[in-house]
Amino acid sequence: MSLDELIPILNLAVGPVILISGVGLILLSMTNRFGRVIDRSRQLAPLLKSTTGDERQIIVEQLRILWSRAWIVRAGIAMGVLSVLLTAVIVISLFAGALFKLPIVYAIIACFALCLTSIVGCLICFLVDVNLSLHALWHQIPEEARK
């Protein structure tokens, strides 16, 4: 393979690499959110033993919401990581296809479609988590302040 053949492949690989960078920032945000969910759960769980009545019910509801958030954020992180892996497969396929003269166009299209689908799923999980965190906040704000 000559340099003249390599340069167009490098140009094609730049787009997916930028995609990896963008998804990496989304993953950074989601792992921070996941850490906050875990930390808040660890703060609230011991309080269940020492509280009763309405206060206990509020803590139980908060922990249920946090549990849901943890599952959703974890699913979003998994989808984000899957999209990064698929993008890496695309870049490797570009080089392997050019080097070995393989007909990989349909494989690249399939990987790219799955990659974008994973990103959409990741972003949907992100939005669901934001809505659940607002729902949890709703339980903490006194009723007279919610109106």
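The values are calculated or read from the model by the stated rules, or taken from the named source; none is laboratory data. On a predicted model such as this, the values are computed, not experimentally measured, just so you know. Here the Cβ is made from the backbone with ideal geometry for all residues, glycine too, and neighbour counts use every protein chain on show.
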- Message: Between Ile58, Ile108, Ile38, Ile92, which is under 30 Å from Ile9 (Cα atoms), surrounded by fewer than 17 Cβ atoms within 10 Å (Cβ to Cβ), more than 12 Å from the chain's Cα centre (by Cα) and not charged (D, E, K, R)?
- Response: Ile92
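Results for (1) acidic (Asp, Glu); (2) under 13 Å from Arg33 (Cβ atoms); (3) in contact (Cβ under 8 Å) with a residue 40 or more places away in the chain, shown as yes or no for each residue.
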position: Ile58; (1), (2), (3): no, no, yes
position: Leu63; (1), (2), (3): no, no, no
position: Trp71; (1), (2), (3): no, yes, no
position: Leu102; (1), (2), (3): no, no, no
position: Cys115; (1), (2), (3): no, no, yes
position: Phe126; (1), (2), (3): no, yes, yes
position: Asn131; (1), (2), (3): no, yes, no
position: Trp138; (1), (2), (3): no, no, no
position: Ile141; (1), (2), (3): no, no, no
- How many residues are part of a loop (DSSP other than H, G, I, E, B) and of a type in the set (S, T, N, Q) when one looks only at the stretch 89-134? 0
- Message: Considering only residues that are small (Gly, Ala, Ser) and under 23 Å from Leu27 (Cβ atoms), which ones fall in the stretch 75-109?
- Response: Ala75, Gly76, Ala78, Gly80, Ser83, Ala88, Ser93
- Would you tally the residues in the stretch 111-134 being surrounded by 14 or more Cβ atoms within 10 Å (Cβ to Cβ) and over 23 Å from Gly22 (Cα atoms)? 2
- Message: Only one of Thr51, Thr87 is surrounded by 12 or more Cβ atoms within 10 Å (Cβ to Cβ) and either within 27 Å of the chain's Cα centre (by Cα) or at pLDDT 95 or above (or both). Can you tell me which?
- Response: Thr87
